[in-house]
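Written out below as structure tokens is the structure these notes cover.
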Amino acid sequence: MKRIFFLSLAFVALAATGQQKPRIETFPVNNVRLGESQFLRNQQMDIHYLLGLDADRLLAPYLKEAGLQPKAQNYTNWENTGLDGHIGGHYLSALSYMYAATGNDEIGRRLDYFLSELRRCQDKDGYLSGVPNGRKIWDELSRGDIRAASFGLNDRWVPLYNIHKIYAGLRDAWLMCDRKDARDMLIRLADWMGGVVGQLTEDQMQQMLRSEHGGLNETFADVYAITGNKKYLELAHRFSDQQMLQPLLRHEDNLTGKHANTQIPKVIGYKRIADLEGLPQWDDAARFFWDVVIQQRSVSIGGNSIREHFNPTNDFSGLLASEQGPESCNTYNMLRLTKMLYQTSADKGLMDYYERALYNHILSILNPVQGGFVYFTPMRSGHYRVYSQPQTSMWCCVGTGLENPARYGEMIYAHEGNDLIVNLFIPSTLTWDGLTVKQENRFPSQESTDIIIQTKKPRQMSIKVRQPWWCNGMKVVVNGSAIDTKAEGGYLIVTRRWQDGDKLHVDLPMHLTAMTTPDGKPQYSFLYGPVVLAAKTGTDRQDGLFADDSRGGHIANGPKIPATQMPAIIGSADDILTHLKPVAGKPMTFALSGVTLPAYEGMQLVPFYQLYECRYQIYFPLFTQAEWSARQEQMAAEEKARIELEARTVDKVFCGEQQSESDHFFTSQQSWNGSDEGTHWRRTRANFAYQVKATEARTLILKGFADRERFNVSIDGTSLGTFNFDRSGQLQIELPQAKSGTFSLQIGAEGNASTPRISEIRLCR
């Protein structure tokens, strides 16, 4: 009933603007309990992870900023290097969703304790955040002193992004668990932010929004829905980045090179405002964004991005070669956007994506044995993933990772008026308006599901079962007998007067599909039904498999296996699926034949979400025999050079990329960044610098664009000289002596000119 109360509040706000209710109403997680499956096992593992975290360490940044004595020290990693407190906001959301989803008493007690401590922090003046020395920043901003870049604001690491997490956490504690304190704290914190930006002009607001700011526009729109006070809707508009919105309104895709998870929450906010205020153009912009990201920028598992940025739509080679593949946070947020779009459109195609991303990315990022969450999921063949540890790893993808298992149940079922919709085939029990619906299966190992009705009195209604894209010949029977059905809008509909104990059996025959990357190049991922298949390729040299608390501990920096040592398929696109044969006695297991390397002939592919703590392969290049012979020598030479360079590298910076620059404590004067054909760069009219770390470095290698400007390179203030790039956009500098330790590396402009566009800096042995 708590969630129904929230929905009625949302509809009050909708009614005030003359808008209609969503076409589809999904059920909150407190109406759904998971049954035996990998989803339930992951959810139980997540409970252990949540309770294994020290609440007082997560609260420490908030107590410090409130002038109160913390009960423990901050966690390390991102929690004491500038993003202090961001995990606390995610933690509050995760506790709220998990308590609603399971009713676990210990989770409930932890939630109440966390809220009570946050309340103590806010009681002073309405402010609540863990941003280090935050009051100084907010005072500067309120006076119009704004120094913004994508990775920071007024010399702090994305403080708006940081504070958004506690807004979202308070909202979730109220909406999911009916904690009135959280509602009051949320409104009070929204009022505080209104005061901070109250005197800023629109131009100043837009300048401030150059810095990553999460989904603040969404949360302020939520406060409007909760209160009905339009001043919060106005605040949501003020926090809507026009530089992102306007091209989307014109259906222009300029996403290449943009930091992906900076943009997705903004679009969630546009969609939320559109729903509350009735803005069809904003709704259309959000759907255009979704279409572009899913259809043109995502890989088979449903994830997107290389090194956190959107890759070019016409070339996925970089993404498939990188150890920093799709970021978990991106998919978490794309699922949130998908849910919102589905609720107002009833488009079954949205659910097809939701299912694919849920099974193949979200389900796969939690280690089912040791626990721990994945940041990057490399698409590079033969590579591996790194898992967080509760006491060392405080990344953004740990924050969203904590939330995901508690949300597993929120899209299994929905309703359209009195009609029940079954969207996902996950074992679960739904309670709804005196009705209990139980779904039993061993899907996807078993290609069917049973839906059992429990009701005290007969009920006339339709049950709409989604017809998935991957299913041909879907059939239903009721109580063992054939029944009249209607297919409409991507759903198979059974309408009858349902009695207690009625069983709807649904056959879900699956088939193999081969999917290329969106650039259409001959590199294939295989799916059986909605499930992406992958091959385990080994377990050796998974360096840093369980992350420490270093700044780059989330990256799988172990050896990369050369592409020439990983199998490809020899054949043609027309018969690609003939290379896979089911393995007898092993559900969801297929043997791959006709590969380039005899040692891999007959390798077995299984659901990707079943693989963990191993190297793997998801995409398989396809060659004709002639192409393979010609490519081997070329690939070997290129890969050898790449591997040798990586082996020599002791530190590297990708200039203009948000996380890489943040990890190297970037500073600058009069510099700016950009992206050309997916390659990020930075240039300056003065200087910019990074803190780099090396052991016995003897060579400095810079890459960029072959611009003619010269530039100066300095280490710890000592100039190495003035240089320019060669025609290939490269420069190699031999250091006068070996360098070890941490030091400042500075790039400076010459005269009145700017530097060339510099994309990459490496220190090598």
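Points worth noting:
- Over 23 Å between alpha carbons, listed pairs 475/581; 536/581; 536/560; 258/560; 64/124; 560/739: 475/581; 258/560; 560/739
- Taking every protein chain into account, the 1.4 Å probe leaves residue 26 with about 10 Å² of accessible area, to the nearest ten.
- Angstrom value of the Kirkwood radius, inverse mean 1/r, which spans all Cα pairs in the stretch 664-765: 13.6 Å
- Debye log10 I(q)/I(0) for the stretch 402-498, one point scatterer per Cα, at q = 0.13, 0.25 Å⁻¹: -0.46, -1.74
- Annotation note: trypsin sites (Lys or Arg not before Pro) in the stretch 695-737 located in DSSP loop regions with a Cβ neighbour count of at most 13 within 10 Å are 708, 727.
- Percent of beta bridges antiparallel (DSSP, the chain, rounded to nearest 5): 95 percent
- Net +/- balance of residues flanking residue 222 in space, Cβ distance below 9 Å, scoring K and R +1, D and E -1: +1
- Distance histogram in 5 Å bins (all Cα pairs of the stretch 53-115, percent per bin): 4, 20, 27, 22, 15, 9, 3, 0
- Inverting the pair-averaged 1/r between distinct Cα atoms of the stretch 427-479 gives 12.8 Å as its Kirkwood hydrodynamic radius.
- Alpha-carbon centroid distance for the pair the stretch 327-395 / the stretch 450-486, whole angstrom: 30 Å
- By accessible area with a 1.4 Å probe, ligands and nucleic acids excluded, highest first: order of 339, 230: 230, 339
- Of the residues 455, 545, 732, the one whose Cα sits farthest towards the positive end of the charge dipole of the chain is 455 (charges of +1 on Lys and Arg Cβ, -1 on Asp and Glu Cβ, taken about the Cα centre).
- Rounded accessible area of residue 241 (nearest 10 Å², 1.4 Å probe): 10 Å²
- Whole-Hz ³J(HN,Hα) from phi, Karplus 6.51 cos²θ - 1.76 cosθ + 1.60, for the stretch 410-424, glycine and proline x: 7, 10, 5, 10, 8, 9, 10, x, 8, 8, 8, 10, 10, 9, 10
- Förster-model FRET efficiency, 45 Å R0, residue 54 and residue 629, C-beta, rounded to 0.05: 0.15
- The alpha-carbon positions of the stretch 317-390 define a convex hull whose volume is 107 Å³ per residue.
- Amide H to amide H, with H built 1.01 Å from N, residue 524 comes under 5 Å of 620, 622, counting only residues 5 or more places away or on other chains.
- Stretching residue 495 away from residue 203 to a fully extended chain increases their span by 99.6 nm, per 0.36 nm per residue minus the current alpha-carbon distance.
- Relative contact order (%) - the stretch 122-201, alpha-carbon pairs under 8 angstrom, separation at least six: 37 percent
- In the stretch 236-334, the ratio of gyration radius to Kirkwood radius, Rg to Rh, stands at 0.98 when only Cα atoms are counted.
- Each listed q (0.12, 0.21 Å⁻¹) maps to a log10 I(q)/I(0) for the stretch 9-144, found by the Debye formula over equal Cα scatterers with no solvent: -0.66, -1.14.
- Axial C-alpha extent at least 15 Å, average Kyte-Doolittle at least -0.5 - helices from the chain (DSSP): 2-16, 38-52, 55-65, 86-102, 159-177, 180-197, 216-227, 260-277, 280-296, 328-345, 396-407
- Whole-Hz ³J(HN,Hα) from phi, Karplus 6.51 cos²θ - 1.76 cosθ + 1.60, for the stretch 708-722, glycine and proline x: 8, 5, 8, 8, 9, 10, 10, 10, 6, x, 9, 6, 8, x, 10
- Relative pair counts by distance (%), Cα atoms of the stretch 475-601, 10 Å bins: 9, 25, 23, 20, 14, 8, 0
- Listed residue (619, 588, 602) projecting farthest to the positive dipole end of the stretch 575-641, Cβ model: 588
- Mean separation of Cα pairs under 8 Å and 6 or more residues apart, divided by the residue count, gives the chain a relative contact order of 11 percent.
- Loop sites in the stretch 508-584: trypsin sites (Lys or Arg not before Pro), DSSP, at most 14 other Cβ within 10 Å: 541
- For residue 568, distant residues with modelled amide H under 5 Å away: 596, 597
- The length gained by stretching the chain between residue 539 and residue 123 to full extension, at 0.36 nm per residue less their Cα-Cα distance, is 144.6 nm.
- Maximal additional length on extending the residue 740-residue 254 stretch stands at 170.9 nm, based on 0.36 nm per residue less the C-alpha distance.
- Rg and Dmax of the chain, both derived from C-alpha coordinates alone, stand at 26.5, 86 Å.
- The chain: calculated mean residue ellipticity at 222 nm from DSSP helix runs of at least 4, using -39500 (n - 2.57): -11000 deg cm²/dmol
- Residues whose amide H falls under 5 Å from that of residue 765, counting only those 5 or more places apart or on a different chain, are 649, 650, 698, with hydrogens built in the peptide plane.
- Karplus-derived 3J(HN,Hα), 6.51/-1.76/1.60, for each residue of the stretch 539-547, Hz, glycine and proline x: 9, 7, 6, 8, 4, x, 4, 10, 5
- For residue 588, solvent-accessible area (1.4 Å; no DNA, RNA or ligand), Å²: 10 Å²
- Set of the stretch 28-72 residues, backbone N closer than 18 Å to the point 7 Å along the Cα-Cβ line of residue 109: 47-57
The values are calculated or read from the model by the stated rules, or taken from the named source; none is laboratory data. This structure is a prediction, so every number in the text was calculated from the model and none was measured. Neighbour counts run over all protein chains shown; Cβ positions are idealised from the backbone, glycine included. These accessible areas exclude ligands, DNA and RNA; they are computed on the full protein's heavy atoms, side chains included. Shrake-Rupley method; radii C 1.70, N 1.55, O 1.52, S 1.80 Å.
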